[in-house]
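The values are calculated or read from the model by the stated rules, or taken from the named source; none is laboratory data. Note that this is a predicted model, so its numbers are computed, not measured. Here the Cβ positions follow ideal geometry from the backbone for every residue, glycine too, while neighbour counts run over all protein chains shown. Just so you know, the surface numbers come from the protein's heavy atoms only, side chains and all, with ligands and any DNA or RNA stripped out. Shrake-Rupley method; radii C 1.70, N 1.55, O 1.52, S 1.80 Å.
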Amino acid sequence: MMRTNRYFKLICMTAAVLLTLFIPEMDMRAGTTGKIAGVVLDAGTKEPLIGANILIVGTRMGATAGVDGSYFILNIPPGDYSVRATMVGYGPILQQKVRVNVDRTTTVDFNLNQSTIQGQEVVITAQRPLVEKDVTSSQKVTTSETASTLPVADIMDAVSLEPGVTVDTENLDITIRGGGNDEISFQVDGMERSDKLNDKIYAITNSASVSEIQVLTGGFNAEYGDIRSGIFNVVTKEGGRRLSGSADYRLGAAHQKHFGPNAYGEDQYDYKIYAGPGSFEPVKDIEGRQIFAGWNALAVNANKSKYLGKGDWTPQDLLEVWKWQHRPIPYGDKPDHYLDTGLGGPIPGLDKIGLKDAGFFLGYKFTREYPVLPSISEFDNYNTFEGKINFKPHNALKFVVSGLYGKTETSTIGSTWGGQPLMQYGADVTADALGTYKYYLASQGLLNVFTKSIGGKMTHSLSPSTFYEVRYDYFTTETEAGKSRARNPEIIKTIAGVGFDEAPIGWIGEANPITDLPGTYVFYGGANVVDTSFVKSHKVNFDFTSQINKENLVKFGIEYGTDHVKRFNRKAGTIILAPNAGDFVRLNAKPYHIAGYIQDKIEYGGLIANIGLRIEHYDANSWVYVPNDIYSMIWARGGTEGYLTYDDLPKEKAKSNTYLAPRIAFSHPVRQNTKFFFNYGVYYSEPSNRHRFGIYNESWDFGNGQADTRWLGNPNLLAPRTAAYEVGFEQSIKDEWLIRSYFYSKDNTDQVGQISVIGLDGSQAIGDFRNYEGVGKGACSYTTQRNNNWEDIRGIELKVTKMRGRFFTGWLTMDYLISTSGNYGLQRYQQDPLAAYYQYSAVKLQPQTQPSFIANVDFHTPNEWGNLAGDWRLSLIQRWNKGTKVIYNPTGLPTREVRTIYYWINNYTTTFRLNKTLPSFAGVKTRVYMDVNNVFNFKLLNLGVLEAAETELYYSQFVDKNTGLGNKVGDYKDKNGNNIFTENWVDKNGTTHAPLAPDKDFALFYNPRSFLFGVKVEF
């Protein structure tokens, strides 16, 4: 790392501003095209054919063979092409199905035969070599055609099958080789789709629009920045010379998405206890503990207290009240819907005004999924519209303009008290259904997220070997979260002469507390998250590429990007008698970054090398408040009183930082079917805006005499750093099998961790927080961020693929990752010297290993077997994961003192797709299919649904080998086969116990067997 110097910064900023001002219609940095290269020889003499013409059929792209017969064609969009070679005095040759992938060189050689007359064209089907010698890193390419045969929801799920890659499109999270969203770049046609406020990646991709997805998991070239773990490079289709399109509709059969009883049914625990035949008398478990006093006893108490003004309640009356307030909430009776459509073709008429090859492509993706359990949002809706226009004012100049609009409608839950709250997408009310809010869905908030993107790219070919691109993109996410509708007070039910409204339906505040008679469930409050925020990101790039000779492809460029992140109405929590109180987060910042790079791809004989250098400059463009005094009383209760805004606080300008990131990679093809490669690089990612900005006030907003500062952003955070290397081996066998194996190592430093700061007088304010009269200031107590986390990741990835086969193909992957992490420096800063015990440094966590295997077998019948027996496919996927290591530490002991380590059970799932392609009719291709998920109904325990006391019993009495049965985490049956959570069970001493969590009988296991039916039409 080196500090920026003012001259470099001035030059970079000037160049970036000029690009922004004078070239407003341009996309971002990832490569979106490939290259075709080869030689043209005389078939008899093997002499080079100088001046031979090579043309990509149906395009204006081509080349002329040089003095050694070699040629190359740059800047080719990914796809399948036909390439023709011609030469006067020679018969032409056409090679079909030539596949071009992003950032790869496809070799197409021609051997022409002499001919004195115009002969018939020789047609050859190109056979791409399984081992691609010019690839110097681990890359995975998935096409829409490949994804369509697999039992997956969409192309992004197909990518998740690759070793080291996990994609969660529902929660907008991606993991690559142990790194999350803040270490990954997700680009569509070069445009970034990352929410820089909520650390989310907009990975909802319209499969019909996608040409291919390239995932880079290591060895990133210098053109790629702000990444440490991986890059998703999505290239979408362009409109061609004819109209084409597709529509894929899938219906997920209605079903209960969890094992066990209906959460609100008569066979569920609640109903058995409170409305069962024995509910009038006290209900006790097998150990004699009283669970419910019974309606007879409750009737006596209700009459004494004049419940709802009435003193003659009968036990049956109260039972009817309970049934009304706990009436069933229907779910699991409606199907999920998925629609993926695309349409592309030429734009007529533009050729008349000089715009050649004008085309369009439009895509629409719709998903409606019903949550596992009822939610305040009945379903989760995802709508995504994508569009792309391409045209050429002349042969050497091409423009592409693309855009996106997405809307997500779901529910959310958020922190009430504590650190910087996060938005949680698609809340299933799982946590609430297991607690006091089970019947009160209004405890959640409604969440709408609007995503928009627009950008463009201009590509100008200066010569057949040189071109440049200017690209611009704009991405924004707007978040709106709030309460559902208010409760209607109108009387709609009368029991024993007393009127009842629609409770527990509808939101009502804490000023009107309502609970059920047994005191188990509440029907008020909640919905604590209110949010109105946005992020607006702009990026502009200039990239220059030149094949300066046969061996060297040189590329250099510059990038400028800025984010405007604003959270101006973030509130979580309300307090009794103080509706304007709560937790508040305010932030408004405009960080920016500047980058430049140069790289050279060298292809010389048996060696391919990518060598480059990147320079990155990050500036938070913000202030550090109250510097040099972490224990300042300004952060104590009421400390901000008298300050109107944050900018009135003592402050100093945040620091900016510049980093050099060298990259080097080599590939050495030993033979045509064997290759080794090695790469090394240093990578940086911009610190998360959530960590850098914002002040989080508890109780009241900033400036109030009762406001408590609980969380501070740190704009001085350094960019986390990764130094990584990778060694790879690829081998093809008999042009049918392909073996790929990779070993990688990642050394992560300066990662962001959390520290606690506690003033001398203690960590809590004085007095009852619900009674603010006479409350003193106390001392400061807050959390903030530091670059105090490190992580070492080592991994091995293996993929064995049967590429070709008349009746079956398939593959097997292995992913083995070892992760060791920890913190350095002080984790807790306490002004009180007597609390020094907590001020030790270096905490090292136990290494985590989790080998996993995924296998696919695709059985298919040949087309020539006829309409009935031909074109069937059965694709099966089997997943297996070794159980992870668990450190159970309920008392919060320092990690170095924890000695008890447990292991999860291994888990596996099986899915398959049965697919039939119907005979084409009028150019329309149709196929129908059925997916079956979790074929064998494997159960994986939801340990997180347990309460603390239940978890303690589970570990001590069931998992621990000294005090319990010695089972693995995830097991749930005793030696007699009884479910310890829902049935009486026997411990190691033969003592019978009551079930550990009988009220959670519906939430212990998710994802039972399910069916999905689909039809896809293409033309």
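Going by the structure shown, is Asn101 touching a strand residue (DSSP E or B) at 6+ places or on another chain (Cβ under 7 Å) and on the phi > 0 side of the Ramachandran plot? For Asn101, the condition - touching a strand residue (DSSP E or B) at 6+ places or on another chain (Cβ under 7 Å) and on the phi > 0 side of the Ramachandran plot - is not met.
Taking residues in region 150-170 that are assigned by the TED database to the domain that holds Trp880, and partners anywhere that are crowded, with 24+ Cβ neighbours inside 10 Å and at pLDDT below 90, not one pair has Cβ atoms closer than 8 Å while being at least 6 places apart or on different chains.
Can you list residue pairs whose Cβ atoms sit under 7 Å apart, with the first residue in region 39-61 being touching a residue at least 60 places away in the same chain (Cβ under 8 Å) and over 13 Å from Tyr81 (Cα atoms) and the second being acidic (Asp, Glu) and open to solvent by 40 Å² or more (accessible area, probe 1.4 Å)? Count only pairs 6 or more apart in sequence or on different chains. So the pair list comes out as Val39/Asp109; Leu41/Glu47. Just a yes or no: is a residue in region 25-47 under 30 Å from Phe475 (Cβ atoms), modelled with pLDDT under 75 and either over 46 Å from the mean Cα position of the chain (by Cα) or open to solvent by 40 Å² or more (accessible area, probe 1.4 Å) (or both)? Within region 25-47, one or more residues are under 30 Å from Phe475 (Cβ atoms), modelled with pLDDT under 75 and either over 46 Å from the mean Cα position of the chain (by Cα) or open to solvent by 40 Å² or more (accessible area, probe 1.4 Å) (or both). For region 219-231, state whether one or more residues are open to solvent by less than 10 Å² (accessible area, probe 1.4 Å), under 30 Å from Tyr560 (Cβ atoms) and not in a loop (DSSP other than H, G, I, E, B). Yes, because at least one residue in region 219-231 is open to solvent by less than 10 Å² (accessible area, probe 1.4 Å), under 30 Å from Tyr560 (Cβ atoms) and not in a loop (DSSP other than H, G, I, E, B).
Of (1) open to solvent by 20 Å² or more (accessible area, probe 1.4 Å); (2) within 34 Å of the chain's Cα centre (by Cα); (3) within 30 Å of Leu362 (Cα to Cα), Ala486 satisfies all except one. Which? It fails just one condition, (3). Selection over region 266-279 of residues that are open to solvent by 20 Å² or more (accessible area, probe 1.4 Å) and small (Gly, Ala, Ser) gives a count of 1. Being closer than 24 Å to Arg485 by Cα and part of a strand (DSSP E or B) holds for only one residue in Asp543, Asp531, and it is Asp531.
Among residues of region 293-343 being open to solvent by less than 50 Å² (accessible area, probe 1.4 Å) and polar (S, T, N, Q), the one that is nearest to the chain's Cα centre (by Cα) is Thr341.
Scanning region 644-661 for residues being of a type outside the set (A, V, I, L, M) and in contact (Cβ under 8 Å) with a residue 60 or more places away in the chain gives a total of 6. Scanning region 806-818 for residues that are over 30 Å from Glu864 (Cα atoms) and touching a Leu at 6+ places or on another chain (Cβ under 9 Å) yields Thr813, Met814, Asp815, Tyr816.
Scanning region 732-753 for residues that are open to solvent by 20 Å² or more (accessible area, probe 1.4 Å), out of contact with any helix residue (DSSP H, G or I) (no Cβ under 6 Å at 6 or more places or on another chain) and farther than 16 Å from Lys140 by Cα yields Ile733, Lys734, Asp735, Glu736, Trp737, Asp747, Thr749, Asp750. Cβ-Cβ contacts under 7 Å between residues 6 or more apart (or on different chains), taken from a first residue in region 871-882 that is at positive phi to a second residue that is in a strand (DSSP E or B), are listed as Asp871/Lys916; Asp871/Thr917.
Scanning region 232-244 for residues that are surrounded by 22 or more Cβ atoms within 10 Å (Cβ to Cβ) and not in a loop (DSSP other than H, G, I, E, B) yields a total of 5. You will find that of Pro669, Pro687, the residue that is within 30 Å of Tyr618 (Cβ to Cβ), crowded, with 20+ Cβ neighbours inside 10 Å and not assigned by the TED database to the domain that holds Glu223 is Pro687 and no other.
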